[in-house]
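Asks: Before anything else, here's the structure in question.
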Amino acid sequence: MEKKLQTTAVNKSNGNDQSHLLYQVMEGRDDLISEQFSDESNEQNEAYKKAMDLVTKGRKALKSAGGAHLTFRKNLVTKINLLNGKGSSEIETLNPDDKIQAVILDTWTEEVIKFLALKTIVGDNTEPCQFLPGHGVGIGWKVLMMTPSLYSKICLAMGNQNVFDHDPFDTASSRIQEKHKIKRFNATLRAYENYFDEPPKSLYWSFYPKKQQEEGFFASVIKQCGVDISFLSDPLATEQRTREPGMSPSMPSLM
């Protein structure tokens with residue numbers, strides 16, 4: 001009976017990987033299954049290591065740029081309210097003593113560098129481009145381009161022969177081009193999770209510009225990070241409020 005069962009499993013395994021795995025277990029070869037999962041884990045670790053190595057190179061190039069780095073931050077902070085849909089009517093200035101502002105700028109810059117790392121990995125330097133940044137990352141990317149010496153230093157530090165240019169189709173508004181942009185954006189989100197082993201932060205990676213919130217900007221930012229902000233309106237509040245949805249942006253659908 002046992003021999004017949006094994007023979008049946010063998011026959012099914014010829015065209016079915018799942019049956020093949022079942023046969024391996026029946027034969028006491030579960031070590032091969034463990035090895036298969038181990039290989040997948042190693043591949044993920046290698047992908048993460050490769051991506052973070054590029055991010056590290058980008059960070060070093062940024063920090064070694066001196067005055068160009070400061071210029072970039074001064075330019076970036078003027079766009080900070082665009083993250084929350086307030087437009088450019090309220091211009092912020094760089095405040096070295098503002099810790100929350102510093103966290104936002106640092107994280108924003110990091111997400112731009114991660115996007116450039118993804119483009120570097122796949123060699124996304126020809127039109128039409130494969131990847132499309134989120135709204136916030138796109139703003140940060142354009143601001144970085146405003147300091148050409150810094151931008152080229154980061155791109156070259158990652159091993160690119162040239163800087164990445166914006167795809168002219170990024171600003172196209174026809175229905176067909178919009179669908180293409182959505183496909184590219186969704187592909188970018190999947191690549192982000194595959195290489196960085198975490199979902200992208202929605203504050204910087206939403207497809208559409210965020211609508212203006214009634215609450216204060218920084219309260220809104222903290223809230224989007226899933227942090228309870230009840231203490232901002234009621235310092236003595238003791239009840240734990242419902243946690244806000246996570247940071248990962250949802251993928252827009254093709255209509």
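The values are calculated or read from the model by the stated rules, or taken from the named source; none is laboratory data. Because the structure is predicted, anything quoted here is derived from the model rather than measured. Here the Cβ is made from the backbone with ideal geometry for all residues, glycine too, and neighbour counts use every protein chain on show. Surface areas here come from the heavy atoms of the whole protein model, side chains and all, with no ligands, DNA or RNA. Shrake-Rupley method; radii C 1.70, N 1.55, O 1.52, S 1.80 Å.
Asks: Just checking, does the stretch 33-52 include any residue being modelled with pLDDT of 95 or more, of a type in the set (A, V, I, L, M) and part of a helix (DSSP H, G or I)?
Replies: Among the residues of the stretch 33-52, at least one is modelled with pLDDT of 95 or more, of a type in the set (A, V, I, L, M) and part of a helix (DSSP H, G or I), which makes the answer yes.
Asks: Further, regarding this structure: Hey, which of the helices (runs of 4 or more DSSP H) in the stretch 73-157, taking only ones fully inside, have at least 3 residues that are open to solvent by 70 Å² or more (accessible area, probe 1.4 Å)? Before the answer, list the steps.
Replies: Details: elements: 99-122, 135-145, 148-157.
Because the criterion is at least 3 residues that are open to solvent by 70 Å² or more (accessible area, probe 1.4 Å), the helices (runs of 4 or more DSSP H) in the stretch 73-157 that meet it are 99-122, 148-157.
Asks: Same structure again: Taking only pairs six or more apart or across chains, which ones have beta-carbon atoms under 6 Å, a first residue in the stretch 172-192 that is surrounded by fewer than 13 Cβ atoms within 10 Å (Cβ to Cβ), and a second residue that is at pLDDT 85 or above and hydrophobic (A, V, I, L, M, F, W, C)?
Replies: Short answer, once both residue conditions are applied: none.
Asks: Same structure again: When the stretch 110-148 is examined, which residues are found to be in contact with a His (Cβ under 9 Å, 6 or more places away or on another chain) and among the polar types (S, T, N, Q)?
Replies: Thr147
Asks: Give me the residue from the stretch 59-68 that is in contact with a Ser or Thr (Cβ under 9 Å, 6 or more places away or on another chain) and modelled with pLDDT of 95 or more and, out of that set, surrounded by the most Cβ atoms within 10 Å (Cβ to Cβ). Break it down into steps so the answer makes sense when it comes.
Replies: So in the stretch 59-68, the residues in contact with a Ser or Thr (Cβ under 9 Å, 6 or more places away or on another chain) come out as 59, 62, 65, 68.
Applying the additional criterion that residues be modelled with pLDDT of 95 or more yields 59, 62, 68.
Details: Arg59: 15, Leu62: 22, Ala68: 15.
The residue in question is Leu62.
Asks: Collect the residues in the stretch 178-202 that are aliphatic (A, V, I, L, M) and under 29 Å from Ser41 (Cα atoms), keeping them in residue-number order. Lay out the reasoning, then the answer.
Replies: First, pick out the residues of the stretch 178-202 that are aliphatic (A, V, I, L, M): 182, 187, 189, 191.
Of everything in the stretch 178-202, those that are aliphatic (A, V, I, L, M) and under 29 Å from Ser41 (Cα atoms) turn out to be Ala187, Leu189, Ala191.
Asks: Exactly one condition in (1) of a type in the set (D, E, K, R); (2) open to solvent by 10 Å² or more (accessible area, probe 1.4 Å); (3) assigned to a helix (DSSP H, G or I) is not met by Asp165; state its number.
Replies: Asp165 satisfies all of (1) of a type in the set (D, E, K, R); (2) open to solvent by 10 Å² or more (accessible area, probe 1.4 Å); (3) assigned to a helix (DSSP H, G or I) except (3).
This table checks each residue for (1) in contact with a helix residue (DSSP H, G or I) (Cβ under 8 Å, 6 or more places away or on another chain); (2) at pLDDT below 55.
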position	(1), (2)
Ser173	no, no
Tyr204	yes, no
Val227	no, yes
Ser230	no, yes
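Asks: Quick one: what pairs do we get from the stretch 67-80, first residue in contact (Cβ under 8 Å) with a residue 40 or more places away in the chain, second among the polar types (S, T, N, Q) and open to solvent by 40 Å² or more (accessible area, probe 1.4 Å), C-beta under 6 Å, 6+ apart or different chains?
Replies: Note: pairs meeting the criteria are Ala68/Ser149.
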